[in-house]
Amino acid sequence: MPKLLFFYVPCKDENETLHLSKLLLDNKLVACTNSMPIKSCYFWQGNMKNDNEQVLIAKTLPEKIKQVSNFLEQHHSYDVACIACWEIEVNENYFEWAKNQL
């Protein structure tokens, strides 16, 4: 099966995921994005946080890893953003569609 990259990026709210999605799509860096609400627990500046966030999921070609990572670092609102990605296998039809979007 062909491979794509799957980016996982927690954001402060839905507006930020929509903004980042539009920028990524307009710049032909990703083929598709999804977003969904999540609950995040973590320590920040010595205090435990329990926040509602929105996660951005973005799919792109493996050769775009540095471009997408750098772009997200530059445009994300957090001082320390989690920008995680891994390689996924997808069906041929979806891969061809994604490739044609970029």
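Just a few scattered comments:
- Label zone at K12, where the point sits 7 Å out along the Cα-to-Cβ direction: the stretch 26-65 residues whose backbone N lies under 18 Å: 36-45, 49-56
- A cut-off of 5 Å between modelled amide H atoms, ignoring neighbours fewer than 5 places along the same chain, links C11 with Q54, V55, L56.
- By the helix-only formula, in which each DSSP H run with n ≥ 4 contributes -39500 (n - 2.57) and the sum is divided by residues, the chain has a 222 nm mean residue ellipticity of -10000 deg cm²/dmol.
- In the stretch 23-87, trypsin sites (Lys or Arg not before Pro) in a DSSP loop with at most 14 other beta-carbon atoms within 10 Å: K28
- Binning the alpha carbon pair distances of the chain at 5 angstrom intervals from zero yields the distribution 2, 13, 24, 24, 17, 11, 6, 3, 1, 0, expressed in whole percent.
None of the figures in this text is laboratory data; all of them are computed from the coordinates on show. What you see is a predicted model; the values in this text were computed from it and never measured. Backbone-built Cβ (ideal geometry, glycine too); neighbour counts: all protein chains shown.
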